[in-house]
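Following: one structure in structure tokens, then a few remarks.
The values are calculated or read from the model by the stated rules, or taken from the named source; none is laboratory data. Since this is a predicted model, take the numbers as computed values, not measurements. No Cβ is skipped: glycine too gets one built from the backbone with ideal geometry, and neighbour counts run over all protein chains shown.
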Amino acid sequence: MPEFPSPPASQPEEEGLRTVVIALLANLGVAVAKFVAAFLTGSSAMLAEAFHASADTGNQVLLLLSDRFGRRPPDAERPLGHGREAYFWSLLASLGVFLAGSLLSFRQGVKALLQPEPLSSLTPAYVILLVSFVLDGISLLRAYRQIRSEADTLSRGFLEHLDLSSDPVARAVFAEDAAALLGNVVALAGIVLHKVTGSAVPDGVAALVIGAGLAVVAFNLTRRNRDFLIGQEASPDVRKRLQELIAGQPGIIAVRQLLVTFLGPRRLWVLARLELDDALDVPRMIELLTDTERMIRQQSPVIARVDLVPRAHQPARVAGP
């Protein structure tokens, strides 16, 4: 059974911040270079990739805001903290991929097919696509290592943790960089086929494929951020572990309800309705609840809040004759 993560909660958050900064710097340089190449070559696929890199750069800015605002502590107006704000900004970022990247790429692809134009000065495009592939690969490797490390800590597979992780930043950076690598390959294929065949169709089709890839990424990122915004529960393994832990305490007859939801990245809220032994007096009941809460918090630093709601045990009534 997967364990709770053992590293301090702040460590992966700092890793996530470095990951998004590296991605931001890489995407900014790539975006400028691809716009230059698109201007020199007239390639629709290259221009689609320039739109892609620009959208990714804007998304990294939103992800930085996500990281900053999501860390704010609870206050009088937000007693549960601001953690879920990270998912709000990440949702805007994922929508930005679709609107700024996918739609513009589709538009450019359709324009290239309806109004084909010959390409020129292709050497800069080859060089820039190669450099972009390397930079995007470095950023992707950084995100992969962070997610891989967390997955190993939780005894999960990489793809399983990529989907289940409560960290929207690492997920977004990995997905965008993977799409960027694929986009570089598709753009290069479109330009090479244009040169070989003399037809503008491959270049236009490449722009459409890049747009489709961005749409898929945007849909998946939006879906996961939506899940966490409306109250994503922890994995069944985590809930089962806590259920068994609480139910095993002397004086707790049953756990009638257990909710384990995310208040933000790596921040869990445990809410349990407990049926207690009616033989317990008030001081013993308070002691039991205090000890149980302390025990739950000791399981992991990601458990940010614990609320235990007790009620006396109600024995089943036997119907009369």
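Observations
- Subset tally (residues that are farther than 28 Å from residue 86 by Cβ and of a type in the set (Gly, Ala, Ser)) for segment 248-285: 4
- Residue within segment 43-62 that is surrounded by fewer than 24 Cβ atoms within 10 Å (Cβ to Cβ), modelled with pLDDT under 75 and within 22 Å of the chain's Cα centre (by Cα) present: no
- Verdict on residue 125 being assigned to a helix (DSSP H, G or I), more than 20 Å from residue 207 (Cβ to Cβ) and touching a Ser or Thr at 6+ places or on another chain (Cβ under 6 Å): no
- Segment 162-174, residues that are within 19 Å of residue 139 (Cβ to Cβ) and touching a Ser or Thr at 6+ places or on another chain (Cβ under 9 Å): 168, 169, 170, 171, 172, 173, 174
A quick yes/no check of all residues on (1) hydrophobic (A, V, I, L, M, F, W, C); (2) at pLDDT below 85; (3) surrounded by fewer than 15 Cβ atoms within 10 Å (Cβ to Cβ); (4) in a helix (DSSP H, G or I):
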| residue | (1), (2), (3), (4) |
| --- | --- |
| 38 | yes, yes, no, yes |
| 64 | yes, yes, no, yes |
| 74 | no, yes, yes, no |
| 93 | yes, yes, no, yes |
| 101 | no, yes, no, yes |
| 106 | yes, no, no, yes |
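- Given (1) more than 16 Å from residue 49 (Cβ to Cβ); (2) touching a residue at least 60 places away in the same chain (Cβ under 8 Å); (3) outside any loop (DSSP other than H, G, I, E, B), index of the condition residue 145 fails: (2)
- 3 or more residues in the same structural domain as residue 189 (by TED's automatic domain parsing), among the hydroxyl-bearing types (Ser, Thr, Tyr) and modelled with pLDDT under 85: qualifying strands (runs of 3 or more DSSP E) within segment 206-321: none
- Condition met for residue 217 (in contact (Cβ under 8 Å) with a residue 12 or more places away in the chain and either touching a helix residue (DSSP H, G or I) at 6+ places or on another chain (Cβ under 8 Å) or crowded, with 20+ Cβ neighbours inside 10 Å (or both)): yes
- Subset of segment 151-178 (residues that are more than 24 Å from residue 211 (Cα to Cα), within 13 Å of the chain's Cα centre (by Cα) and touching a residue at least 12 places away in the same chain (Cβ under 8 Å)): 161, 164, 165, 166, 167
- Filter result for the condition that a residue is more than 19 Å from residue 23 (Cα to Cα), among the hydrophobic types (A, V, I, L, M, F, W, C) and under 26 Å from the mean Cα position of the chain (by Cα), over 92, 122, 103: 103
- Considering residues of segment 277-291 that are of a type in the set (A, V, I, L, M, F, W, C) and within 43 Å of the chain's Cα centre (by Cα) only, the residue nearest to residue 250 (Cα to Cα): 288
- Being at positive phi and touching an Asp or Glu at 6+ places or on another chain (Cβ under 9 Å) holds for only one residue in 109, 101, 81, and it is 81.
- Any chance residue 178 is out of contact with any strand residue (DSSP E or B) (no Cβ under 8 Å at 6 or more places or on another chain), under 28 Å from residue 266 (Cβ atoms), in a helix (DSSP H, G or I) and small (Gly, Ala, Ser): yes
- Criterion violated by residue 230 - all others in (1) without any contact (Cβ under 8 Å) to a residue 40 or more places away in the chain; (2) in contact with a strand residue (DSSP E or B) (Cβ under 7 Å, 6 or more places away or on another chain) satisfied: (2)
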